[in-house]
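Colleague: I have a structure I would like to understand better, so I am pasting it below and will then ask my questions one at a time.
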There are 2 protein chains.
Amino acid sequence: MPVHEKSETDTVVLREPADSHGIVAGTAHPLDVSDDTAAALKLWVVLSRAQVAVSAHVADDVARHGLTLTEFAILEALYHRGAMLLGEVQRRILVSSGGITFLVDRLVAKGLVERQECPSDRRARYAALTAEGEALIARIFPQHAAMIERVVGALSPEEQAAAASLLKRLGHGAAAAEFSSARGE
Amino acid sequence: MPVHEKSETDTVVLREPADSHGIVAGTAHPLDVSDDTAAALKLWVVLSRAQVAVSAHVADDVARHGLTLTEFAILEALYHRGAMLLGEVQRRILVSSGGITFLVDRLVAKGLVERQECPSDRRARYAALTAEGEALIARIFPQHAAMIERVVGALSPEEQAAAASLLKRLGHGAAAAEFSSARGE
DNA sequence: TATGATATTCTCAGTACTAAGATATATCGA
DNA sequence: TCGATATATCTTAGTACTGAGAATATCATA
């Protein structure tokens with residue numbers, strides 16, 4: 001692929017197909033931004049749509065076992081890594097501190113997880129799978145993985161690896177970026 | 001990059017760095033799946049993390065103007081495409097039918113959007129920007145686009161385009177895939 | 001014109017969180 | 001030792017939705 005010659009002043013007008021309903025109020029304000037800005041906006045849109053489309057399948061799959069996406073994420077993390085402090089689980093699955101308390105409470109009520117004291121820090125608690133929780137995740141994980149493989153199958157494994165590599169850098173970059181609200185923009 | 005020679009029976013064991021807390025319950029069940037399955041799982045994880053990281057910035061940005069992410073998405077769609085039927089907006093921003101009613105109600109209450117009758121179908125309503133809504137979105141869109149460009153800046157514009165292309169196919173494939181719960185798996 | 005199937009929006013109850021603050025514990029410097 | 005600050009979890013109130021179903025209108029076909 002030839003290297004794309006950039007120009008700071010290039011602009012592009014993105015248009016979408018006309019309203020098939022026949023009653024078009026008109027494309028009021030066509031997107032009139034630089035190529036680079038258009039690429040960034042496009043990436044944000046397709047990133048969100050892809051995530052929603054895939055997560056709909058994952059949520060549907062785990063719901064068949066009476067679990068939400070985040071509950072399953074906790075069980076999977078504990079299964080593959082062993083017992084973890086609540087704060088570690090929280091950072092790993094990206095929920096608020098109140099959220100992790102609520103979620104672990106729910107998993108405890110279901111008999112899948114238990115809290116354990118931390119000997120070196122009395123503020124902290126471990127979350128650990130119960131025998132029942134471990135049996136459940138061991139039973140459903142293989143078909144769960146197969147489902148994800150099927151759902152992302154529009155890309156070849158090599159393309160999946162390439163996409164993952166780009167997304168990893170994208171995610172790390174975004175996580176490290178300063179928030180607009182902290183920059184007085 | 002050389003082409004990766006695949007083998008159906010290859011397996012990989014993914015390990016993460018040991019618990020820095022010093023109290024490791026042990027990596028209970030290392031991920032022991034085929035290369036292809038590992039690639040799919042990895043893609044799902046980094047896709048979710050990247051989406052969360054970017055959307056945190058976008059939500060933070062629009063919150064400074066008193067808007068949620070979905071409210072902003074509606075305003076932006078109406079600004080760039082003109083008035084749309086509620087169902088069109090719903091499909092575009094991917095919320096439930098109850099959600100779009102609720103969201104448009106809220107935007108109407110804020111004075112940014114108004115409902116208009118559809119002359120050819122008396123069941124349907126248009127959502128259209130008010131003058132105030134149009135002024136707001138025209139004012140904040142440029143800096144919003146600049147923020148997104150900054151947040152996804154870990155990838156070059158060419159990489160952004162490559163990622164967008166892969167994600168578009170991924171999203172379409174996932175949206176077209178049959179749900180597990182409909183397949184009796 | 002009936003009739004059934006479909007489409008569009010809306011209502012309402014419920015769910016899965018988030019945000020801010022409270023409590024208890026730990027750490028560190030003076 | 002004491003105070004200040006930081007950390008880990010939990011509590012509570014609120015928010016942004018989803019999902020199921022109702023009400024209404026349209027369309028296709030006999």
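The values are calculated or read from the model by the stated rules, or taken from the named source; none is laboratory data. Keep in mind it's a predicted model, so treat the numbers as computed, not measured. Positions of Cβ are generated from backbone atoms using ideal geometry, with glycine treated the same way; all protein chains shown enter the neighbour counts. With ligands, DNA and RNA removed, areas are computed over all heavy atoms of the protein, side chains included. Shrake-Rupley method; radii C 1.70, N 1.55, O 1.52, S 1.80 Å.
Colleague: Among A:A175, A:H29, A:F102, whose Cα sits farthest toward the positive end of the charge dipole of chain A (+1 at Cβ of Lys/Arg, -1 at Cβ of Asp/Glu, about the Cα centre)?
Modeller: Checking the options against the dipole of chain A, the answer is A:F102.
Colleague: Here's something else I'd like to know. Given springs between every Cα pair under 10 Å in a Gaussian network model of chain B, which of B:L41, B:L75, B:L112 has the largest fluctuation?
Modeller: The residue that fluctuates most here is B:L41.
Colleague: Taking springs between alpha-carbon atoms closer than 10 angstrom, which of B:E71, B:E88, B:E159 fluctuates most in the Gaussian network model of chain B?
Modeller: For chain B, modelled as a Gaussian network with Cα springs under 10 Å, the answer is B:E159.
Colleague: While we're on this one: Quick check for me: using +1 on Lys/Arg Cβ and -1 on Asp/Glu Cβ, what's the dipole size of the range A:66-150 about its Cα centre, in debye to the nearest 20?
Modeller: In total the dipole reaches around 160 debye.
Colleague: I would also like to ask the following. Could you report the buried accessible area between B and A, both sides summed, computed with a 1.4 Å probe and given in Å² to the nearest 100?
Modeller: Approximately 8100 Å² gets buried when B meets A.
Colleague: Let me ask another. Using a label point 7 Å beyond Cα on the Cα-Cβ vector, give me the inter-copy distances for B:G184 in nanometres, one decimal, shortest first.
Modeller: Label-point distances to the other copies, shortest first: 6.6 nm.
Colleague: Hey, which residue of B has the C-beta nearest the axis mapping B onto A, and what's the distance in Å?
Modeller: Residue and rounded Å distance to the axis: B:Q51, 2.
Colleague: Which ³J(HN,Hα) values, rounded to whole Hz and listed in residue order, are derived for the range B:38-48 from phi using the Karplus coefficients 6.51, -1.76 and 1.60 in 6.51 cos²θ - 1.76 cosθ + 1.60 with θ = phi - 60°, glycine and proline given as x?
Modeller: Result, ordered by residue: 4, 5, 5, 5, 4, 4, 4, 5, 6, 4, 5 Hz.
Colleague: Express the carbon and sulfur contribution to the solvent-accessible surface of the range B:53-152 as a percent, rounded to the nearest whole number, probe 1.4 angstrom.
Modeller: The computed percentage sits at 54.
Colleague: Take every residue in peptide A:86-95, count the Cβ atoms of other chains within 10 Å of its Cβ, and give the average of those counts.
Modeller: So the per-residue partner count for this stretch is 1.
Colleague: Mind checking B:140-148 for the average number of partner chain beta-carbons within 10 Å of each residue's beta-carbon?
Modeller: If you average over the peptide's residues, the count of other-chain Cβ atoms is 4.
Colleague: Determine the relative contact order of chain A: mean sequence separation of Cα pairs under 8 Å and six or more apart, normalised by residue count, in whole percent.
Modeller: With pairs under 8 Å counted, the relative contact order is 16 percent.
Colleague: Roughly how crowded by other chains is peptide B:66-79, in terms of the mean Cβ count from those chains within 10 Å of each of its Cβ atoms?
Modeller: The shielding value for this peptide is 1.
Colleague: In the Gaussian network model of chain A, springs joining C-alpha atoms below 10 Å, which of A:G173, A:G99, A:G82 carries the largest mean-square fluctuation?
Modeller: Answer for the Gaussian network model of chain A: A:G173.
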